[in-house]
Amino acid sequence: MAFRNTPDSFGLITRVLHWAMALLVLTMLALGLRISDMEPGLSNLWLYGLHKTLGFGVLTLIVLRLGWHLISPVPKPIGPPGLAQLAARAGHILFYVLLIAIPISGWAGSSATGIDVMIADRWVVQPIAEVSEAGEAFWFSVHEVLTKILIGLIIVHMLAALKRELAGDGTLRRMIRGRV
Ligand code: HEM
Ligand code: HEM
């Protein structure tokens, strides 16, 4: 079984990272939208804790994924070079930027509340913003805007993958089983 990518196939590590992250990010979006509709209280504090813990999980996975990309570059795009390929590449880069900026903005907003930011209710994470109501409002609005952009990008990404698969070029198959 090939763990590494080759010039025309996705290895197991990239595929596992891609689908694990897709699942985690969709869960995080649902969880985030749920908590932003709630009044924080003792009964739902655990949901905030879960959102923060999984958010640090996304940040860790994205760093691992970027590292793995350097060790094992992704395969060549399928099909002739053109605008669609450039757009796909730009979309993939935007995913990386958002998936680093979103957890950091959530971390900064949570730091600005003055409440300890914790992972798994166990480890206190260093605050990255001063405690202030203005800072809290600013960072959470950045978090919200970036998550809306992410939702739009995921929809376009999924539709593009499905469209290409329906056209029969094997793009989706390659991300599922490695090769076309
Ligand atoms: C990729 C990772 C993350 C995703 C996809 C995500 C997604 C979201 C979404 C969609 C919302 C609702 C925004 C709104 O409509 O108002 C939200 C809210 C929130 N997020 Fe995240 N988040 C992530 C990481 C984090 C991290 C790492 C933290 C903190 C350490 C965090 C803390 C919060 C908090 C406290 C709220 C509630 C804000 C409020 O009450 O308005 N998030 N998140
Ligand atoms: C929801 C979060 C998702 C994120 C953050 C995401 C991110 C990415 C990124 C960054 C790449 C570029 C390859 C890489 O860097 O490993 C990629 C490729 C790909 N993704 Fe996703 N993806 C998500 C969900 C999905 C879903 C739901 C589908 C299926 C409908 C999908 C289908 C694909 C396919 C087929 C490729 C390969 C594209 C190519 O060969 O050019 N992705 N994805």
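Of everything in segment 86-109 that is open to solvent by less than 40 Å² (accessible area, probe 1.4 Å) and touching a Gly at 6+ places or on another chain (Cβ under 9 Å), the residue that is farthest from ligand 1 (Cβ to nearest atom) is 108.
A quick yes/no check of all residues on (1) touching a helix residue (DSSP H, G or I) at 6+ places or on another chain (Cβ under 7 Å); (2) among the hydrophobic types (A, V, I, L, M, F, W, C); (3) not in a strand (DSSP E or B):
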| site | (1), (2), (3) |
| --- | --- |
| 107 | no, yes, yes |
| 114 | no, no, yes |
| 134 | no, yes, yes |
| 140 | yes, yes, yes |
| 144 | no, no, yes |
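Of all residues in segment 140-162, none are over 24 Å from residue 65 (Cβ atoms), more than 8 Å from ligand 1 (Cβ to nearest atom) and not polar (S, T, N, Q). Considering only segment 1-24, I want to know if a residue exists there that is surrounded by 12 or more Cβ atoms within 10 Å (Cβ to Cβ), within 26 Å of residue 136 (Cβ to Cβ) and modelled with pLDDT of 95 or more. Scanning segment 1-24, I find at least one residue that is surrounded by 12 or more Cβ atoms within 10 Å (Cβ to Cβ), within 26 Å of residue 136 (Cβ to Cβ) and modelled with pLDDT of 95 or more, so the answer is yes.
For segment 26-85, enumerate the residues that are within 11 Å of ligand 1 (Cβ to nearest atom), surrounded by 12 or more Cβ atoms within 10 Å (Cβ to Cβ) and small (Gly, Ala, Ser). The answer is 32, 36, 49, 55, 57. Among the residues of segment 71-85, is any among the basic types (Lys, Arg) and either within 16 Å of ligand 2 (Cβ to nearest atom) or touching a Gly at 6+ places or on another chain (Cβ under 7 Å) (or both)? Yes, segment 71-85 contains at least one residue that is among the basic types (Lys, Arg) and either within 16 Å of ligand 2 (Cβ to nearest atom) or touching a Gly at 6+ places or on another chain (Cβ under 7 Å) (or both). Just to be sure, is residue 4 assigned to a loop (DSSP other than H, G, I, E, B) and among the basic types (Lys, Arg)? So residue 4 passes the test.
Considering 50, 61, 29, the condition of being more than 12 Å from ligand 2 (Cβ to nearest atom) and part of a helix (DSSP H, G or I) is satisfied by 50 alone. Scanning segment 140-180 for residues that are polar (S, T, N, Q) and either within 19 Å of residue 7 (Cβ to Cβ) or touching a residue at least 60 places away in the same chain (Cβ under 8 Å) (or both) yields 147, 171. Taking first residues from segment 122-135 that are under 13 Å from residue 52 (Cα atoms) and partners that are open to solvent by 80 Å² or more (accessible area, probe 1.4 Å) and part of a loop (DSSP other than H, G, I, E, B), the Cβ contacts under 6 Å between residues at least 6 apart in sequence or on separate chains come to 124/116. Contact annotation: residue pairs with Cβ atoms under 7 Å, 6 or more positions apart or on different chains, pairing a residue in segment 30-52 that is closer than 17 Å to residue 119 by Cβ with a partner that is within 16 Å of ligand 2 (Cβ to nearest atom) and among the hydrophobic types (A, V, I, L, M, F, W, C), are 47/31; 50/31; 51/28; 51/31. Of the residues making up segment 114-170, those that are open to solvent by 60 Å² or more (accessible area, probe 1.4 Å), more than 12 Å from ligand 2 (Cβ to nearest atom), over 23 Å from the mean Cα position of the chain (by Cα) and not basic (Lys, Arg) are 115, 116, 130, 131, 133, 134, 167.
Being β-branched (Val, Ile, Thr) and either at pLDDT below 95 or part of a loop (DSSP other than H, G, I, E, B) (or both) is the filter here, so list the residues in segment 67-83 that pass it.
74, 78
The values are calculated or read from the model by the stated rules, or taken from the named source; none is laboratory data. Owing to the predicted nature of the structure, the values given are computational and were not obtained by experimental measurement. Using ideal geometry, Cβ is built from the backbone for each residue, glycine included, and neighbour counts are taken over all protein chains shown. Remember, those area values only see protein heavy atoms, side chains included, never the ligands or the DNA or RNA. Shrake-Rupley method; radii C 1.70, N 1.55, O 1.52, S 1.80 Å.
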